[in-house]
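The values are calculated or read from the model by the stated rules, or taken from the named source; none is laboratory data. Predicted, not measured: the structure shown is a model, and the values here were computed from it. FYI the Cβ positions are ideal-geometry reconstructions off the backbone, even for glycines, and counts take in every protein chain you see. Protein only, heavy atoms only, side chains kept; ligands, DNA and RNA dropped before computing areas. Shrake-Rupley method; radii C 1.70, N 1.55, O 1.52, S 1.80 Å.
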Amino acid sequence: MSSPTGPANGLPVRMPRPRQPGRHRRPEPAAAPAGAPPLVLAVPGTPSVTTRRLAEESLSIARSELPGLDARIGYIDVDGDTEGFPALETVLAYAAAQRSARTSEAAEAQNADETPDAWAQAPDAVVVPLLAGPDSAVLRRIRQSVMNSGSASELTDTLGPHPLLAEALHVRLSEAGLARADRARLFTVATAADGIVLATVGGEEAVQAAGITGMLLSARLAVPVLAAALDEEGAVARAADQLRGSGSRNLALAPCLIGPEVDETLTAMAAKEAGCSAAEPLGAYPAVGKLALAKYAAALGIATQPSLQGAPVR
């Protein structure tokens, strides 16, 4: 059962790899500072076992990049605390209570001439939305949960746009047989798309953000990419028509989505309407966990060593 303090029992937790010997070994990742506020991943959509596993895997990746990271999950769209799916408001309230207790202990330590708490003025938690791009409706619900919790928590930006998301989209397309797996080696597949519709949700702001990631994806694949809103009727079909009008014939739909934020049937319906095949959402691709950690670290000024540049798909 999940709790505000940690993952559900029995779920796998990614542990840091043993350090390799030799002069060419990779640098050891920085460790999370003692007493630093927790990273709370704000998960949208209807809670489910699949969603929980996705969130846990993403946080496991973040922990592998920053050992000792206190990372938790809070669900946005729950009424109260559904068993196994703690509400974001509850998780933040618990974090605030823990911070208050530590602050009291730090005050006593100062009176005893001991080292004060270096994080006494930090936020109670850093909330990272599990969103590939801006969605004003979801972000509004997250802000309301922060307010209702009574905590002094900091809310970061969404994960994208970012080169790592373009890498993740490339991988999902190649897994579906819709894109070359490695442009450098000119590996091709018979069904490779010559035009991509990049699907997102969240209105015009989300489309603009996805468009930036789309330009990065276009540079990787050397094919045109157009962003369109899944939650705007006919937008995906119009983007597909525009691509066909410019000469593309074999189109693909690439969801610029983590997964939980939209009903999966919406993507399938849009792909059918546009007459093209669809790749899977980003899911727990390693970029998601790394970007969540990057948002957290930037909010607190913590130095980390995650891989935050897009890389060729191998």
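Some notes on this structure:
- Screening segment 233-246 for residues that are part of a loop (DSSP other than H, G, I, E, B) and open to solvent by less than 90 Å² (accessible area, probe 1.4 Å) and picking the one that is nearest to ASP135 (Cα to Cα) gives GLY234.
Here's the yes/no breakdown for (1) among the aliphatic types (A, V, I, L, M); (2) exposed (fewer than 12 other Cβ atoms within 10 Å of the Cβ); (3) modelled with pLDDT of 95 or more:
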site: ASP81; (1), (2), (3): no, no, no
site: LEU92; (1), (2), (3): yes, no, yes
site: GLN98; (1), (2), (3): no, no, no
site: THR103; (1), (2), (3): no, no, no
site: ALA118; (1), (2), (3): yes, no, no
site: PRO129; (1), (2), (3): no, no, yes
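- Annotation note: Cβ proximity below 7 Å between a residue of segment 150-162 that is open to solvent by 30 Å² or more (accessible area, probe 1.4 Å) and a residue that is assigned to a loop (DSSP other than H, G, I, E, B) (sequence gap 6+ or interchain) occurs for ALA152/PRO123; ALA152/ASP124; GLU154/PRO123; PRO161/GLY133.
Condition check ((1) modelled with pLDDT under 95; (2) open to solvent by 30 Å² or more (accessible area, probe 1.4 Å)) across all residues:
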{"site": "GLN20", "(1), (2)": "yes, yes"}
{"site": "ARG26", "(1), (2)": "yes, yes"}
{"site": "PRO29", "(1), (2)": "yes, yes"}
{"site": "THR46", "(1), (2)": "yes, yes"}
{"site": "ARG52", "(1), (2)": "no, yes"}
{"site": "ALA55", "(1), (2)": "no, no"}
{"site": "SER58", "(1), (2)": "no, no"}
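- Restricting segment 261-286 to residues that are outside any helix (DSSP H, G or I) and in contact with a strand residue (DSSP E or B) (Cβ under 6 Å, 6 or more places away or on another chain), the residue that is most open to solvent (accessible area, probe 1.4 Å): SER277
- Given (1) modelled with pLDDT under 95; (2) of a type outside the set (Gly, Ala, Ser); (3) open to solvent by 40 Å² or more (accessible area, probe 1.4 Å), number of the condition ASP182 does not satisfy: (3)
- All positions within segment 80-99 that are in a helix (DSSP H, G or I) and polar (S, T, N, Q): THR90, GLN98
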